[in-house]
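Asker: I am attaching a structure below and will ask some questions about it afterwards.
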Amino acid sequence: LLCHCHSSTSNMKFLLVCCLLVALSEASDPVPLVLWHGMGDTCCNPLSMGRIKSQIEEKVKGIYVFSIQIGSNFVDDELSGFFKNSNEQIDIVCEQLSQDPKLKNGFNAMGFSQGGQFLRALVQRCGNITMHNLISVGGQHQGVYGFPKCIGEKYELCDIVRRLLNEGAYISEIQKDLVQAEYWHDPYNLKEYREKCVFLPDINQENSVNPDYKEKCVFLPDINQENSVNPDLRYFPD
């Protein structure tokens, strides 16, 4: 099952209900759950992902929850959400999950914002894992064209990212390291987007169809998506 949901970040009850639908709370041996946070967050922020993880563990007794962290600490994890190449992140997480013995029999997954499309890319590219179900909460599977306003501590960091995107999202130096540029989908410049964007056109198969990607997504028996651009999520075309 792939479920794509749109919800405000403050609606914690909605997110928890979505998660519990696939966590099999009544099972004596619940399926493990993998979480991937969104931009500007970290794996274990006690006000966001840490809270979600603890609530799931409280509600679903005995469940193993793995919240993805890129880097050796929370600061590295947060900065990676802005400045670590998306393709490299997929490779790192593929290795992390492949080496975790608690996930060897498969797991469910839930991604928030950009974590949603990262988990979908993980399914397509990582051959050493078994993902049973994927919930994408606010994932930008068709990319973004525009950058959200940030408040609080992350204002300056978001302002840097916004300036870089405005300078030229498809410049090779920006594509190399700026995560948001790697799913920047300019509807007025599709040729350059498809030729120079290093992440999204590949997983959306916009330049060519990759049979391996299709095969790895066949496990999704039902597709339940709200407010989606296109219902055929196995190809994610325009």
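The values are calculated or read from the model by the stated rules, or taken from the named source; none is laboratory data. Every value quoted in this text rests on a predicted model; they were computed, and no experiment measured them. Note that we place each Cβ from the backbone using ideal geometry, even for glycine, and neighbour counts take in every protein chain shown. The protein model used for the area step is the full one, side chains on, heavy atoms only, and it has no ligands, DNA or RNA in it. Shrake-Rupley method; radii C 1.70, N 1.55, O 1.52, S 1.80 Å.
Condition check ((1) over 17 Å from HIS37 (Cβ atoms); (2) open to solvent by 60 Å² or more (accessible area, probe 1.4 Å); (3) out of contact with any Lys or Arg (no Cβ under 8 Å at 6 or more places or on another chain); (4) not in a helix (DSSP H, G or I)) across all residues:
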position: GLY62; (1), (2), (3), (4): yes, yes, yes, yes
position: SER72; (1), (2), (3), (4): no, yes, yes, yes
position: ASP77; (1), (2), (3), (4): no, no, yes, no
position: VAL93; (1), (2), (3), (4): no, no, yes, no
position: LYS102; (1), (2), (3), (4): yes, yes, yes, no
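Asker: If you go through region 163-174, how many residues are open to solvent by 70 Å² or more (accessible area, probe 1.4 Å) and under 21 Å from SER80 (Cβ atoms)?
Answerer: 4
Asker: Then there's this: Give the number of residues within region 175-205 that are open to solvent by less than 20 Å² (accessible area, probe 1.4 Å), touching an Asp or Glu at 6+ places or on another chain (Cβ under 9 Å) and aliphatic (A, V, I, L, M).
Answerer: 1
Asker: Answer yes or no: is there a residue in region 106-116 that is touching a residue at least 12 places away in the same chain (Cβ under 8 Å) and hydroxyl-bearing (Ser, Thr, Tyr).
Answerer: For region 106-116, residues touching a residue at least 12 places away in the same chain (Cβ under 8 Å) and hydroxyl-bearing (Ser, Thr, Tyr): present.
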